[in-house]
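Undergrad: Structure in structure tokens, see below.
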Amino acid sequence: MKPLILLLAPILCAPQAGPRAEERPNLIVINIDDLGYADIGPFGCTLQSTPNLDRMAREGRRFSSFYAAPVCSPSRASLMTGCYPKRVLPIPHVLFPAGSEGLHSDEITVAELLKARGYATGIVGKWHLGDQPEFLPTRQGFDRFYGLPYSNDMGPAEDGVKSNFGAPLPAPKGKGQPPLPLLRDETVLQRVLAEDQTELVARYTDEALKFIRARAAGPFFLYLPHSAVHFPLYPGRDFRGKSKNGLYGDWVEEVDDGVGKVLDLLRALGLEKRTLVLFTSDNGGTPKASNAPLRGFKGSTWEGGMRVPTIAWWPGTVPAGTTCDEITGMIDVLPTLARLAGGAPPADRRIDGLDLRPLLTGEAGAKGHDVFYYYKGLKLEALRSGPWKLHLAAGALYHLGEDPGEAKDVAAGHPAEVARLRMLADAVKEDLGLDGVGPGCRPLGKVANPKPLIDHEGKIRDGFEARPK
């Protein structure tokens with residue numbers, strides 16, 4: 001059950017309590033799956049062309065020390081709740097189809113906060129915070145949902161979810177994972193096959209544009225978490241063979257095209273000065289990606305596993321052509337958007353994020369986080385304070401300002417910094433804990449007898465079938 005304060009939120013957050021609807025900005029978060037730090041032009045890419053993101057950065061502000069999580073479900077939990085992933089989704093890795101666990105219904109998401117402020121809320125793309133009915137985005141504050149409940153590689157191999165475009169599809173071998181469903185709200189539209197994967201970016205983009213047009217009077221919140229560029233790689237027909245970087249680069253270029261269509265529509269509707277668009281990635285890139293100059297890849301707590309390319313765009317409010325080097329991250333999305341909407345983060349629970357409005361607007365002296373904790377699943381592996389990062393197990397210390405690639409361990413020359421960072425790590429023992437579920441972790445959502453939305457025989461779960469019009 002949701003807390004009573006949230007159930008009463010539409011009353012408590014009446015328009016006269018904050019900015020009028022026409023004064024509240026529209027809010028769009030575009031979250032790419034597995035995009036590497038240097039996979040786009042504004043962060044140094046030369047392997048593929050990203051003209052729309054290049055323009056977005058020229059007209060907006062890069063965040064060069066923006067952190068997610070090593071993998072997708074934890075990162076998305078952080079974005080939704082304003083908390084370290086371990087606090088709200090204490091799991092060792094990611095969520096899987098037909099699993100019994102998901103984001104607890106008592107968690108208050110950014111969508112619920114914005115809905116209470118009068119925002120129309122929609123998600124187009126990948127959810128990955130639980131696929132049982134109790135966990136779906138339509139139960140977590142979103143008016144509309146179009147997309148996949150989890151990653152595009154989670155399904156039977158014979159459906160093309162375990163191989164890239166053009167690869168021969170294997171014969172069925174046992175049951176494996178259930179078929180991958182495409183949903184609209186809580187209706188299964190179809191089983192996703194290989195050809196359907198080639199249309200995902202285009203379909204998501206079209207749905208996003210429809211959402212914006214229908215709600216142009218605002219205010220609205222659109223969460224656009226693309227399935228691209230997660231394996232398997234399925235760029236659309238018009239983009240295959242266009243880049244210098246194979247299927248991967250082709251799909252990055254298609255994502256860039258989709259972002260351009262969103263920004264172009266906002267300009268055409270005259271909404272660009274009333275809309276914040278935040279572009280980011282859910283974790284670092286895979287070995288297919290470029291994370292230069294950072295070390296490591298997705299799944300690690302090296303910088304290349306968790307530092308992600310992020311751009312904020314809001315002409316007239318976010319200073320054009322600028323860069324913010326302060327420590328920021330997914331944990332800051334909820335408090336920032338809540339404040340922009342004239343509201344506030346939940347006051348009845350711990351929120352780890354900061355309100356980034358001063359950093360968004362380039363306010364002099366604005367600061368990010370003093371300390372950031374790098375959790376991999378339930379284990380604290382590293383932490384950062386200022387330019388200093390300590391990997392706890394090895395005791396390796398890096399100065400990220402001088403050595404973002406974590407190539408030179410300088411612990412021997414800076415024992416005081418090592419000691420200070422170890423004290424900061426010890427400070428979270430009684431909160432999130434150093435390993436396992438700490439006292440500050442909140443409960444997982446759990447259901448009994450979970451079932452797939454499409455079973456192995458192709459039958460759609462009761463209640464999720466298309467309904468006669």
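Undergrad: Test of understanding: among 36, 141, 122, which residue is outside any helix (DSSP H, G or I) and free of Cβ contacts under 8 Å to residues at least 40 places away in the same chain? Let's see the steps before the verdict.
TA: Numbers: 36 fails: free of Cβ contacts under 8 Å to residues at least 40 places away in the same chain; 122 fails: free of Cβ contacts under 8 Å to residues at least 40 places away in the same chain.
Step by step, each of 36, 141, 122 is checked, and only 141 is outside any helix (DSSP H, G or I) and free of Cβ contacts under 8 Å to residues at least 40 places away in the same chain.
Undergrad: All but one of (1) crowded, with 20+ Cβ neighbours inside 10 Å; (2) in a helix (DSSP H, G or I) hold for residue 223; which doesn't?
TA: For residue 223, the failing item is (2).
Undergrad: Checking the condition buried (at least 22 other Cβ atoms within 10 Å of the Cβ) and more than 26 Å from residue 337 (Cα to Cα), which residue from 390, 360, 378, 356 passes? Quick ask: steps written out before the conclusion?
TA: Details: 360 fails: more than 26 Å from residue 337 (Cα to Cα); 378 fails: buried (at least 22 other Cβ atoms within 10 Å of the Cβ); 356 fails: more than 26 Å from residue 337 (Cα to Cα).
None of the other options fit; the residue is 390.
Undergrad: Can you pull out the residues in region 242-282 that are part of a helix (DSSP H, G or I) and either outside the structural domain of residue 31 (by TED's automatic domain parsing) or of a type in the set (D, E, K, R) (or both)?
TA: Filtering region 242-282 down to residues part of a helix (DSSP H, G or I) leaves 246-268, 272-274.
Scanning region 242-282 gives 250, 253, 254, 256, 257, 261, 264, 267, 272, 273, 274.
Undergrad: So, of the residues in region 430-469 that are under 27 Å from the mean Cα position of the chain (by Cα) and either assigned by TED's automatic domain parsing to the domain that holds residue 176 or β-branched (Val, Ile, Thr) (or both), which turns out to be nearest to residue 174 (Cα to Cα)? Steps first, please.
TA: If we filter region 430-469 for residues that are under 27 Å from the mean Cα position of the chain (by Cα), which is where we start, we get 431-447, 450-454, 464.
Narrowing the set further to residues that are either assigned by TED's automatic domain parsing to the domain that holds residue 176 or β-branched (Val, Ile, Thr) (or both) leaves 437, 447, 454.
Values: 437: 35, 447: 26, 454: 16 Å.
Only one residue tops the list, namely 454.
Undergrad: Filtering region 204-214 down to residues that are of a type in the set (D, E, K, R) and surrounded by fewer than 19 Cβ atoms within 10 Å (Cβ to Cβ), which residue is nearest to residue 25 (Cα to Cα)? Walk me through how you get there before you give the answer.
TA: Let us first name the residues in region 204-214 that are of a type in the set (D, E, K, R), namely 206-207, 210, 213.
Imposing the further condition that a residue be surrounded by fewer than 19 Cβ atoms within 10 Å (Cβ to Cβ) reduces the set to 206, 210, 213.
On the way: 206: 22, 210: 18, 213: 15 Å.
The selected residue is 213.
Undergrad: From 124, 110, grab the single residue that is at pLDDT 95 or above, assigned by TED's automatic domain parsing to the domain that holds residue 235, aliphatic (A, V, I, L, M) and out of contact with any strand residue (DSSP E or B) (no Cβ under 7 Å at 6 or more places or on another chain).
TA: Selected residue: 110, the only one of 124, 110 that is at pLDDT 95 or above, assigned by TED's automatic domain parsing to the domain that holds residue 235, aliphatic (A, V, I, L, M) and out of contact with any strand residue (DSSP E or B) (no Cβ under 7 Å at 6 or more places or on another chain).
Undergrad: Of the residues 397, 421, 432, which single one is in contact with a helix residue (DSSP H, G or I) (Cβ under 7 Å, 6 or more places away or on another chain) and outside any loop (DSSP other than H, G, I, E, B)?
TA: Working: 421 fails: in contact with a helix residue (DSSP H, G or I) (Cβ under 7 Å, 6 or more places away or on another chain); 432 fails: outside any loop (DSSP other than H, G, I, E, B).
Just a single option satisfies the conditions, and that option is 397.
Undergrad: Another one. Quick check on residue 285: is it in the same structural domain as residue 53 (by TED's automatic domain parsing), at pLDDT below 95, touching a helix residue (DSSP H, G or I) at 6+ places or on another chain (Cβ under 9 Å) and outside any helix (DSSP H, G or I)?
TA: no
The values are calculated or read from the model by the stated rules, or taken from the named source; none is laboratory data. Please read all numbers here as calculations on a predicted model, not as lab measurements. Ideal geometry is used to build each Cβ from the backbone, glycine not excepted, and the neighbour counts take in all protein chains shown.
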